[in-house]
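Below is one structure, written out as structure tokens; the observations come after it.
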Amino acid sequence: MENPGPTPNRPSVSFSVLLVALSSYILFVPFVGSFGAKLGFIAVLVVGLVVARETAVVFRLALTIVGLILVSKLIDLVLTGSYSESNRIVDSILATGYLFFLVIMLLRSVARSHGSSLNTVLGGINVYLLMAIAFMTLHSLVEKIDPGSYMTQGVPISEYVAAEVPDLVEEAHRARVVFLYFSFTTLTTLGYGDIVPAQPVSQILCGVEAVIGQLYVAIFIGGLVALHVSTVQERIRARG
């Protein structure tokens, strides 16, 4: 049996909570350290479950993925010293897949909205922020699998971060912060040039993110304007 998502023209509490979780993660992740960042990331994943509740099958799939990620994070916290890099790669793959899955679910919800409601705006902002975080995990995953895919100051990001933060736990956290910054500059096509993709896979990935970012903003803003005009016209016809 399907569980209907948020009512189209009514502000969704889940969208508001997700926006708070995403904004808090993005704003505070550079300052809270590895443990705090993991908690913030888990909060985003868990709140995202509410968004993925459209059908029982989709919700069970999302719940299973989140459960696997939570178990992986717990093992990572307990066995930090012996938690292998291959396990962290699997963890990153699950998290990346889940975040892009949430992006699709949110896009479906926003597309079904009628009129330029607050719900539409919140959903649209959530999609944009989620895309940045999803690409952050994807960039980080590519660098883990193929060190040297991203360069800064003439050295691979992985080497640069390792030299800056010798502790392994904080090193992984610092890399996430760097890639979050890089993801936003790529998604917005700001591109300061301090970090550059150096391998074909990372280069194509950055191009895809930049194109998606620009198309999304153009289509979303254009769609909001069109919805608003349509809503105003409907009100005028109703009064006439």
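Taking the range 48-64 as the range and being aliphatic (A, V, I, L, M) and surrounded by fewer than 19 Cβ atoms within 10 Å (Cβ to Cβ) as the test, the residues that pass are Leu49, Val50, Ala56, Val57, Val58, Leu61, Leu63. With respect to Val211, is the statement that it is of a type in the set (A, V, I, L, M) and at pLDDT below 75 true? Answer is no for this residue. Taking residues in the range 36-48 that are over 16 Å from Phe59 (Cα atoms), and partners anywhere that are assigned to a helix (DSSP H, G or I) and hydroxyl-bearing (Ser, Thr, Tyr), the pairs with Cβ atoms closer than 6 Å and at least 6 places apart or on different chains are Gly40/Tyr25. Against the list (1) within 25 Å of Ile125 (Cβ to Cβ); (2) without any contact (Cβ under 8 Å) to a residue 60 or more places away in the chain; (3) surrounded by fewer than 16 Cβ atoms within 10 Å (Cβ to Cβ), the condition Ser230 fails is (2). When restricted to residues that are of a type outside the set (Asp, Glu), at negative phi and part of a loop (DSSP other than H, G, I, E, B), the range 183-196 contains 3. Kindly provide the set of residues from the range 20-36 that are under 14 Å from the mean Cα position of the chain (by Cα) and aliphatic (A, V, I, L, M), ordered by number. Selection gives Val20, Ala21, Leu22, Ile26, Leu27, Val29.
The values are calculated or read from the model by the stated rules, or taken from the named source; none is laboratory data. This is a predicted model, so every value here is computed, not measured. FYI the Cβ positions are ideal-geometry reconstructions off the backbone, even for glycines, and counts take in every protein chain you see.
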